[in-house]
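The values are calculated or read from the model by the stated rules, or taken from the named source; none is laboratory data. This one's a predicted model, so the numbers in the text were calculated from it and none came from an experiment. Positions of Cβ are generated from backbone atoms using ideal geometry, with glycine treated the same way; all protein chains shown enter the neighbour counts.
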Amino acid sequence: MGITGETKLIGILGYPVSHSLSPCMQNAAFAAMGLDIAYVPLLVNPTELGAAVLGLKALNFLGANVTIPHKIPIVPLLDRLDDTAAMTGAVNTIVNDGGVLTGYNTDGIGFIRALEEVTIPSYRETSVLLLGAGGAARSVALALAGKGVRAITIINRGRQRAEELKEMLGRAYPELPVEIRLFNEEINGLLKDNMMVINATPLGMEGNLKALPVAVDTLTEDHVVCDLVYVESSQTPLLAAAAKKGATILGGQGMLLHQGAEAIHLWTGKEPPVEIMRQAIESERSNIPQEP
């Protein structure tokens, strides 16, 4: 990559951010498209988020991606929001148009595109068990509601964010049944009626499946199990356990790929090379040493 005074910059704001596969994926796309753009990781402490947003303007960044823990706190710091970002109250993509920062949310469309690569659900017959109520959970819930799922049950540690998500869904889709349960409640029976399980929390990433509020040994081959987080070198423990039960599984890399492709379209107005981006992710993951 040749960086010159003409090179445009796009960043990803996160804390932490060193684990992100977005830089390799997006830089591969820009190179294939022949665009003089560099995509860089930006470690932003939550206490400095406001300064970082001003920095995007001052340094004339084309835009940015936003990852945890900034997707919700960044919303009031932006100049404009598109309809999806305004509805979810979460932003994962920023476009800088002459100093005006507009927030978008491409997580929902990214999730649906990734899901439909591994299975085509009968949405109207599918009830969803959603673990978590943060920014990614909001986007995915809204996207699934738009597809017409039968019902959504939100399971969260605290009630406030879950109630906010339920209210958001109620405003957009008042006919959709939405239930809230807390992690400390007895909820394993819910797996019998909710054949799509989506983990939108970091729980289970490090192998501590007991921290998850559902017992994975009750999963079946009829379940679709999605983990929105991703680990760089392998499946998350949740997905590995679900695969052993014969369930259809979807990792976070698919959502990462397709939300990133949609972000490129917003920044450039051009169609991104999705397969080259996919290959870049797979190549980066294959270069990570495996544990013995």
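Side notes on the structure shown:
- Scanning segment 69-84 for residues that are among the hydrophobic types (A, V, I, L, M, F, W, C) and modelled with pLDDT under 95 turns up just one, Ile72.
- Pairing each residue of segment 5-21 that is charged (D, E, K, R) with any residue that is at pLDDT below 95 and not in a strand (DSSP E or B), provided the two are 6+ apart or on different chains, yields no C-beta distance under 7 Å.
- Within the option set Val91, Val118, Val128, being in contact with a helix residue (DSSP H, G or I) (Cβ under 8 Å, 6 or more places away or on another chain) and surrounded by fewer than 19 Cβ atoms within 10 Å (Cβ to Cβ) holds for one residue only, Val118.
- Candidates are the residues of segment 114-151 that are closer than 17 Å to Ala200 by Cβ and of a type in the set (D, E, K, R); the one that is farthest from the chain's Cα centre (by Cα) is Lys147.
- Here Asp107 qualifies as out of contact with any strand residue (DSSP E or B) (no Cβ under 6 Å at 6 or more places or on another chain), surrounded by 24 or more Cβ atoms within 10 Å (Cβ to Cβ) and of a type in the set (D, E, K, R).
- Taking segment 93-156 and the strands (runs of 3 or more DSSP E) fully enclosed by it, the elements with 2 or more residues that are within 30 Å of Gly55 (Cα to Cα) and touching a Leu at 6+ places or on another chain (Cβ under 9 Å) are at 93-97, 100-104.
- Residue that is surrounded by the fewest Cβ atoms within 10 Å (Cβ to Cβ) [pool: residues in segment 157-197 that are outside any loop (DSSP other than H, G, I, E, B) and β-branched (Val, Ile, Thr)]: Ile180
- All of Val66, Val44, Val17 fail the test of being more than 19 Å from Lys270 (Cα to Cα), crowded, with 19+ Cβ neighbours inside 10 Å and modelled with pLDDT under 95, apart from Val17.
- Scanning segment 69-88 for residues that are surrounded by fewer than 21 Cβ atoms within 10 Å (Cβ to Cβ), in a helix (DSSP H, G or I) and of a type in the set (Val, Ile, Thr) yields a single hit, Val75.
- Among the residues of segment 217-261, those that are crowded, with 19+ Cβ neighbours inside 10 Å, of a type outside the set (Val, Ile, Thr) and part of a loop (DSSP other than H, G, I, E, B) comprise Leu219, His223, Leu228, Tyr230, Ala247, Gly251.
- Within segment 18-44, tally of residues that are assigned to a loop (DSSP other than H, G, I, E, B) and out of contact with any helix residue (DSSP H, G or I) (no Cβ under 9 Å at 6 or more places or on another chain): 3
- Top-ranked residue in segment 262-287 [being out of contact with any Asp or Glu (no Cβ under 9 Å at 6 or more places or on another chain), closer than 14 Å to Phe30 by Cβ and without any contact (Cβ under 8 Å) to a residue 60 or more places away in the chain; ranked as surrounded by the fewest Cβ atoms within 10 Å (Cβ to Cβ)]: Gly269
- Segment 13-40: number of residues that are under 22 Å from Thr201 (Cα atoms) and either of a type in the set (D, E, K, R) or in contact with a strand residue (DSSP E or B) (Cβ under 8 Å, 6 or more places away or on another chain) (or both): 8
- Test: Glu262 is modelled with pLDDT under 85 and of a type in the set (Asp, Glu): no
Listed here are the residues, each with its yes/no results for (1) aliphatic (A, V, I, L, M); (2) touching a residue at least 12 places away in the same chain (Cβ under 8 Å); (3) not assigned by TED's automatic domain parsing to the domain that holds Val66.
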residue	(1), (2), (3)
His223	no, yes, yes
Val229	yes, yes, yes
Leu238	yes, yes, yes
Ala243	yes, no, yes
